[in-house]
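**Q** Take a look at this one; I'll ask things after.
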Amino acid sequence: MSETRSDGELLRAVAADGDRRAFEELYRRYAPWLTARMRGRCADAGIVDDVVQETFLAVWRGTARYREDVGGADAAGWLWRIASRRLVDALRGAGARGRLRQALARLRHRDEASAEERVLAGVEHGDLAGALVRLSPELRAVLQATVVDGLTTREAAVLLGIPPGTVKTRAMRARRQLREALA
């Protein structure tokens with residue numbers, strides 16, 4: 001019958017000796033818990049799985065060092081800090097990749113109006129169509145995201161790659177310009 005080792009003992013064995021069994025035990029103890037916690041922060045299961053794997057890889061490779069003597073950190077809290085930093089990095093990277101893909105798509109199809117632009121330009125209620133066409137592309141994009149697509153300010157900010165305050169300011173400017181054009 002084997003004796004159950006503490007988290008600290010497992011972490012020391014992984015760090016000092018590269019003890020595979022200790023690592024596997026640590027993984028069995030904490031991977032399900034960490035995955036559940038990460039899924040509460042991110043709906044994309046693929047990103048969550050990658051983050052959990054990267055967290056444990058950092059432990060195995062020794063790039064993340066556990067030190068019991070510093071603030072009495074427990075293993076769960078220490079793993080959570082590693083994973084949460086990796087999640088932020090993954091989300092930033094996904095956002096940057098998404099913005100790059102959007103920019104490349106716009107360059108490829110810059111002569112073609114998107115379906116959303118055609119809808120916005122084709123609105124035939126009084127002078128609204130003309131007023132929408134006269135808005136700058138930045139203001140139209142914010143209106144499309146918040147009014148047509150129904151996104152929150154925060155969601156529109158992520159989609160457009162701008163701060164939430166900028167979304168609010170542009171939405172306010174767009175509404176003011178539309179009111180003036182339709183008055």
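The values are calculated or read from the model by the stated rules, or taken from the named source; none is laboratory data. Computed from a predicted structure; not experimentally measured. Every residue, glycine as well, gets a Cβ built from its backbone with ideal geometry; the counts of neighbours run over all protein chains shown.
**Q** Can you name the number of the only condition in (1) in contact with a helix residue (DSSP H, G or I) (Cβ under 6 Å, 6 or more places away or on another chain); (2) closer than 29 Å to Leu91 by Cα; (3) among the acidic types (Asp, Glu) that Asp44 fails?
**A** Failed condition: (1).
**Q** How many residues does region 50-74 hold that are more than 19 Å from Arg20 (Cα to Cα), hydrophobic (A, V, I, L, M, F, W, C) and either modelled with pLDDT of 90 or more or touching a Phe, Trp or Tyr at 6+ places or on another chain (Cβ under 8 Å) (or both)?
**A** Total meeting the criteria: 2.
**Q** Does region 166-181 contain at least one residue that is under 21 Å from Arg92 (Cα atoms) and exposed (fewer than 14 other Cβ atoms within 10 Å of the Cβ)?
**A** The answer is no, given that none of the residues of region 166-181 is under 21 Å from Arg92 (Cα atoms) and exposed (fewer than 14 other Cβ atoms within 10 Å of the Cβ).
**Q** Enumerate the pairs (first residue in region 39-59 and without any contact (Cβ under 8 Å) to a residue 40 or more places away in the chain; second residue anywhere and part of a loop (DSSP other than H, G, I, E, B) and of a type in the set (Gly, Ala, Ser)) with beta-carbon separation below 8 Å, excluding pairs fewer than 6 apart on the same chain, so at least 6 apart or on different chains.
**A** Pairs that qualify, where the first residue is without any contact (Cβ under 8 Å) to a residue 40 or more places away in the chain and the partner is part of a loop (DSSP other than H, G, I, E, B) and of a type in the set (Gly, Ala, Ser), are Thr55/Ala64; Ala58/Ala64.
**Q** Under 6 Å between Cβ atoms, which residue pairs at least 6 apart in sequence (or on different chains) link something in region 79-99 that is farther than 16 Å from Gly161 by Cβ and among the small types (Gly, Ala, Ser) with a partner that is at pLDDT 75 or above and exposed (fewer than 13 other Cβ atoms within 10 Å of the Cβ)?
**A** Nothing qualifies.
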